Amino acid sequence: QVQVVESGGGLVQPGGSLTLSCAASGFIFSMKAMSWYRQAPGNQRELVASITSGRSTYYADSVRGRFTISRDNAKNMMYLQMNMLKSEDTAVYYCNVNYNFRDYWGQGTQVTVSS
């Protein structure tokens, strides 16, 4: 079955860096676009970044220039390198794949940016 599992969250100071990982299984990873979403308390879940099977990328305006999405098809892994973190980046971050017209989500990983 399709499964995505996030890891790598934690507590980091403003201006710091963190890398999130997403392990995918149950589908042909190299053929699917993958995305990172985040949800802060009281807010709707929002798209942070996406990467296509051809490695084209999209970033939300709020993270462009600070975050980098990447993928390793040999390992069925996706990553989100987050630099220059701000307090407003605090949220639960989710890995997402749309497979057979259904969205699959992981359990999320908490990122807290605080001094």
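Against the empirical curve 2.2 N^0.38 Å, the C-alpha radius of gyration of the chain lands at a ratio of 1.00. Is the stretch 24-88 rounded, prolate or oblate when judged by the Cα gyration tensor, a ≥ b ≥ c being the square roots of its eigenvalues, rounded requiring a/c under 1.5 and prolate requiring a/b larger than b/c? Cα axes put the stretch 24-88 in the prolate bin. Using 0.36 nm per residue and subtracting the Cα-Cα separation, the extra length available between Val2 and Met31 on full extension is 9.1 nm.
The magnitude of the dipole of the stretch 35-81, with charges of +1 and -1 set on the Cβ of Lys/Arg and Asp/Glu and taken from the Cα centre, is near 80 debye. Spin-label pair Tyr99-Ser70: with each label point 7 Å from Cα along the Cα-Cβ axis, the two points sit 2.4 nm from one another.
As an exercise, use a Förster radius of 22 Å and the Cβ-Cβ distance of Asp61 and Ala40 to find the FRET efficiency, rounded to the nearest 0.05. Efficiency computed from Cβ-Cβ geometry: 0.85.
Taken together, the values in this text are just the output of simple stated rules run on the coordinates, not laboratory data. What you see is a predicted model, and the numbers here were worked out from it, not measured in a lab. Positions of Cβ are generated from backbone atoms using ideal geometry, with glycine treated the same way; all protein chains shown enter the neighbour counts.
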